[in-house]
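First comes the structure, then the notes that go with it.
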Amino acid sequence: MDRLSGGFDLDAHAERLRVEGFTVIEDFATPEDLAEAREALRPHLGSHRGRNAFEGFTTERVYTLVARGAVFERLTAEPRLMALLERFLQPGFLLTASQAICIHPGEAAQALHTDDGFYRQPRPRPAISYSVIVAVDEFTETNGATDIIPGSHAWSDAEIAALDPAEALKLARPMVMPAGAAVVFAGTLVHRGGANRSDAPRLAFTNQYCEPWARTQENFYLGVPREQVKAMSPRLQDLLGYNIWPPFMGQVTGSHPLKSLEDGWTTPVTRQAGSS
């Protein structure tokens with residue numbers, strides 16, 4: 001079934017994103033998607049924990065997730081999500097981050113933060129990036145559900161600086177949602193990963209998308225092997241940056257970056273050096 005035409009109310013989701021800074025797609029991933037995601041993640045989980053309080057000392061993260069399995073390729077370019085993001089980001093928008101997050105029992109809550117705070121333009125402003133968090137496990141009030149502050153995407157720098165942390169937490173709302181649901185939110189929305197007070201881990205994955213002119217968090221040119229990119233869909237190649245944002249941002253020595261995926265391609269610099 002075409003998910004985009006199967007009862008998805010694009011206008012309603014876009015309006016919630018504009019007004020509250022977030023929206024939830026309840027049926028984003030199918031049970032089959034979730035089973036495939038678990039299997040794809042299985043070899044990568046069980047050995048690495050976070051390096052600091054933000055990553056989470058009892059949290060596992062798998063980076064460059066878009067290249068870890070076909071299910072992640074499909075869901076990164078999921079048609080309903082793409083249509084929704086096209087309402088807010090300019091044509092040619094990019095994937096900026098892609099990771100799985102497994103919060104284990106005993107993990108503390110993150111500090112409140114925004115996902116595009118490293119873009120240092122003053123607030124209030126339109127979001128430069130948008131995030132999606134997909135629940136592989138059900139999100140509950142006790143297992144590390146993401147806490148968000150509705151409406152905080154519109155706050156100014158002064159309002160954020162003046163907010164007492166204790167008062168901010170009173171405004172936070174846990175994103176309780178079933179497995180397979182996804183919350184989509186503006187990069188300017190104040191949120192945090194919740195504490196896991198349960199006796200089981202909470203698995204999710206997240207992708208972030210940014211304006212085509214913005215620098216991405218992950219360097220996918222180096223992180224995803226060229227041969228793997230060649231086999232990806234044109235939409236996913238676009239998201240990884242193998243396209244031009246007019247008039248010429250993203251060019252490779254004056255040529256379209258898709259040429260770099262052609263068999264036998266080498267950089268002009270290498271050819272020049274080797275011809276002397």
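The values are calculated or read from the model by the stated rules, or taken from the named source; none is laboratory data. Being a predicted model, the structure only gives us computed values, none of them experimental. For neighbour counting, all protein chains shown are included, and Cβ atoms are generated from backbone atoms with ideal geometry for every residue, glycine included. SASA here: full protein model, heavy atoms, side chains in, ligands and nucleic acids out. Shrake-Rupley method; radii C 1.70, N 1.55, O 1.52, S 1.80 Å.
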Hey, could you check the range 238-261 for residues that are among the polar types (S, T, N, Q) and closer than 17 Å to residue 214 by Cα and say which is most open to solvent (accessible area, probe 1.4 Å)? 251
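Can you name every residue in the range 153-176 that is in contact with a Pro (Cβ under 7 Å, 6 or more places away or on another chain) and small (Gly, Ala, Ser)?
Of all residues in the range 153-176, those in contact with a Pro (Cβ under 7 Å, 6 or more places away or on another chain) come to 154-157, 173.
154, 156 - these are the residues of the range 153-176 that are in contact with a Pro (Cβ under 7 Å, 6 or more places away or on another chain) and small (Gly, Ala, Ser).
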Any chance residue 119 is under 28 Å from residue 37 (Cβ atoms) and either touching a residue at least 40 places away in the same chain (Cβ under 8 Å) or not polar (S, T, N, Q) (or both): no
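Looking only at residues in the range 78-100 that are more than 16 Å from residue 211 (Cα to Cα) and open to solvent by less than 30 Å² (accessible area, probe 1.4 Å), which one is farthest from the chain's Cα centre (by Cα)?
So in the range 78-100, the residues more than 16 Å from residue 211 (Cα to Cα) come out as 78-80, 99-100.
In the following step, the residues that additionally are open to solvent by less than 30 Å² (accessible area, probe 1.4 Å) were identified as 78, 80, 99-100.
Details: 78: 12, 80: 15, 99: 7, 100: 10 Å.
Checked the range 78-100; the qualifying residue farthest from the chain's Cα centre (by Cα) is 80.
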Complete set of residues in the range 180-202 that are under 15 Å from the mean Cα position of the chain (by Cα) and either crowded, with 24+ Cβ neighbours inside 10 Å or more than 19 Å from residue 61 (Cα to Cα) (or both): 181, 182, 183, 184, 185, 186, 187, 188, 189, 191, 193
Considering the range 169-179 alone, what residues qualify as being surrounded by fewer than 18 Cβ atoms within 10 Å (Cβ to Cβ) and assigned to a strand (DSSP E or B)? 173, 174
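Could you tell me how many of the residues in the range 156-168 are part of a loop (DSSP other than H, G, I, E, B) and open to solvent by 60 Å² or more (accessible area, probe 1.4 Å)?
The first filter runs over the range 156-168 and keeps only residues part of a loop (DSSP other than H, G, I, E, B), leaving 156, 163-164.
Filter again for open to solvent by 60 Å² or more (accessible area, probe 1.4 Å), leaving 164.
Residues in the range 156-168 being part of a loop (DSSP other than H, G, I, E, B) and open to solvent by 60 Å² or more (accessible area, probe 1.4 Å): 1 in total.
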Find all pairs meeting these conditions: Cβ atoms under 8 angstrom apart; at least six residues apart or on different chains; first residue within the range 16-43 and within 26 Å of residue 88 (Cβ to Cβ) and among the β-branched types (Val, Ile, Thr); second residue in a helix (DSSP H, G or I) and open to solvent by 90 Å² or more (accessible area, probe 1.4 Å). 23/16
Within the range 27-40, the residues that are open to solvent by less than 20 Å² (accessible area, probe 1.4 Å) and in a loop (DSSP other than H, G, I, E, B) are 28, 29
For the range 67-77: of the residues being part of a helix (DSSP H, G or I) and of a type outside the set (A, V, I, L, M, F, W, C), which is surrounded by the fewest Cβ atoms within 10 Å (Cβ to Cβ)? 74
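Restricted to the range 203-222, and to residues that are hydrophobic (A, V, I, L, M, F, W, C) and within 30 Å of residue 142 (Cβ to Cβ), which residue is surrounded by the most Cβ atoms within 10 Å (Cβ to Cβ)? Step through it out loud before you land on a result.
Keep residues of the range 203-222 that are hydrophobic (A, V, I, L, M, F, W, C), which gives 203-205, 210, 213-214, 220, 222.
Okay, now just the ones that are also within 30 Å of residue 142 (Cβ to Cβ), so 203-205.
Numbers: 203: 23, 204: 23, 205: 28.
Among those residues, the one meeting the criterion is 205.
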Go through the range 180-201 and give me each residue that's assigned to a loop (DSSP other than H, G, I, E, B) and within 20 Å of residue 170 (Cα to Cα). 188, 189, 190, 193, 194, 195, 197
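In the set 109, 145, 127, which member is part of a loop (DSSP other than H, G, I, E, B), in contact (Cβ under 8 Å) with a residue 40 or more places away in the chain, touching a Pro at 6+ places or on another chain (Cβ under 7 Å) and open to solvent by less than 50 Å² (accessible area, probe 1.4 Å)? Steps first, answer last, please.
Details: 109 fails: touching a Pro at 6+ places or on another chain (Cβ under 7 Å); 127 fails: touching a Pro at 6+ places or on another chain (Cβ under 7 Å).
Result: 145 is the single residue among 109, 145, 127 that is part of a loop (DSSP other than H, G, I, E, B), in contact (Cβ under 8 Å) with a residue 40 or more places away in the chain, touching a Pro at 6+ places or on another chain (Cβ under 7 Å) and open to solvent by less than 50 Å² (accessible area, probe 1.4 Å).
If a residue counts only when it is under 17 Å from residue 64 (Cβ atoms) and at pLDDT 95 or above, which helices (runs of 4 or more DSSP H) contained entirely in the range 222-276 have at least 3 such residues? Before the answer, list the steps.
Working: elements: 226-230, 234-239, 268-274.
Per the criteria, 226-230, 234-239.
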Can you tell me how many residues in the range 41-66 are within 18 Å of residue 240 (Cβ to Cβ) and either β-branched (Val, Ile, Thr) or surrounded by fewer than 19 Cβ atoms within 10 Å (Cβ to Cβ) (or both)? 4
Going through the range 62-77 one residue at a time, which ones are over 11 Å from the mean Cα position of the chain (by Cα) and closer than 15 Å to residue 227 by Cα? 67, 68, 69, 70, 73
With the condition kept exactly as written, say whether any residue in the range 253-260 is within 30 Å of residue 28 (Cβ to Cβ) and touching a residue at least 40 places away in the same chain (Cβ under 8 Å). no
